[in-house]
1. Of Lys225/Lys300; Lys91/Lys166; Lys65/Lys91, which pairs sit farther than 28 Å apart, going by alpha carbon to alpha carbon?
2. Please compute the modelled spin-label separation between Arg277 and Lys176, points set 7 Å along Cα→Cβ, answer in nm with one decimal.
3. For a quick protection proxy, order the peptides 255-261, 204-210 by their average other-Cβ count within 10 Å, most packed first.
4. May I ask you to evaluate 6.51 cos²θ - 1.76 cosθ + 1.60, the Karplus curve with θ = phi - 60°, for each residue of region 231-239 and list the ³J(HN,Hα) values in order in whole Hz, giving x for glycine and proline?
5. If the limit is 28 Å between Cα atoms, which of Lys144/Lys270; Lys144/Lys185; Lys75/Lys246; Lys125/Lys145 go over it?
6. Give a quick list of GluC sites (Glu not before Pro) in region 238-268 that DSSP marks as loop, anything other than H, G, I, E or B, with at most 11 other Cβ atoms within 10 Å.
7. Multiplying the sequence separation of Glu207 and Lys73 by 0.36 nm and subtracting their Cα-Cα distance, what value in nm do you get?
8. Quick check: pseudo-label points 7 Å beyond the Cα along Cα→Cβ at Gln248 and Asn34, how many nm apart are they?
Amino acid sequence: SSPEAPCSGFTEKQRRKQPGRKVILDFPRMMYYNSFLTVAVLFEQLINEPVTNYQKKRMGKGMKKVDLLYEGKAKKVYKTDDPDCYIVDYKDDATAMDGLKKGTIVGKGAINNRMTNHIFKLLEKEGIPTHYVEELSDRETAVKKVEIVPLEVIIRNITAGSFAKKMGVEEGIVFKRPTLEFSYKNDDLHDPFINKYYALSLELATEEEIDTITEYAFKVNEVMKKYFDSLGIDLVDFKIEFGRYKGQIILADEVSPDTCRLWDKETHEKLDKDRFRRDMGNVEDAYNEVFRRLGIEDRK
Ligand code: UDP
């Protein structure tokens, strides 16, 4: 015979048949469920943790160059055995005037590689995502594999170069607020000037992407301007490029004396590629001087 359930007025058997009856867990049963839950959570961590840590550690480490994917004017890009990574290899070759002028700037590859990585690490700290993964040697860096947005983004703080020429103003006028312009990355068309609406009509990027790029570009300018100022350098203008990585916009390519105009604050001496473009001499000295001021230690 079934024992009477206390207080309920039902037998144990009748109580079990009650539809929607509340399950009241007594203490031992709770302990049992709790320990089951703990084991389940631990098991999940055991499975997931090492995988993410492994991926983090592995990304870029011991990576092997597989195929040369692309050789540009100043860099080679290699596919690797990691599907999410490329290796960039910086060259000493320099070009200007849309490729008409060619030359070599001895030591430029190592300076541009190490300077880019140094700046990208600084930008990451300031909340700008970049493609940087790991510096592999003086000239080689593992980077995230991105799909480059075909827009060159140029920010200017002081008039120079094509802006001064096009707008009919002298070089060296300090803007109260920086300007931004886009060029369509297209060698056949010689990278023409375009605006956001052209870029949208040509479907080079979505509106959201262009807005993110614009926001990041001004932030990059703020961070770099302040940083170069502390090194006694005026950041006149620069060109950056962005890429898509797992659906997100991140900073890619390089930041170097090839892609920035850098003037000494005191002497206004040019410490960038304009020395090569304009045959001013002491090109290597200028690149070395920027590198020296960055205070990057020798690789071990
Ligand atoms: N720039 C670059 N790659 C280019 C064009 C420009 O890195 O293909 C950089 C250049 O070094 C400068 C800035 O973008 O720091 C603005 O360049 P500008 O439009 O004045 O063109 P440039 O006078 O160099 O032809």
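1. From the list (Lys225/Lys300; Lys91/Lys166; Lys65/Lys91), the Cα-Cα distance tops 28 Å for Lys225/Lys300; Lys91/Lys166.
2. It works out to 2.7 nm between the two label points.
3. With the highest mean Cβ count within 10 Å placed first, the list reads 255-261, 204-210.
4. For region 231-239, the Karplus-derived couplings read 9, x, 10, 8, 7, 6, 7, 6, 10 Hz, x marking Gly and Pro.
5. Distance filter (> 28 Å) returns Lys144/Lys270.
6. Glu266
7. 45.2 nm
8. 3.8 nm
Read the figures in this text as sums done on the coordinates, not as results from a lab. Bear in mind the structure is a predicted one, so any value in this text is a computation, not a measurement. For neighbour counting, all protein chains shown are included, and Cβ atoms are generated from backbone atoms with ideal geometry for every residue, glycine included.
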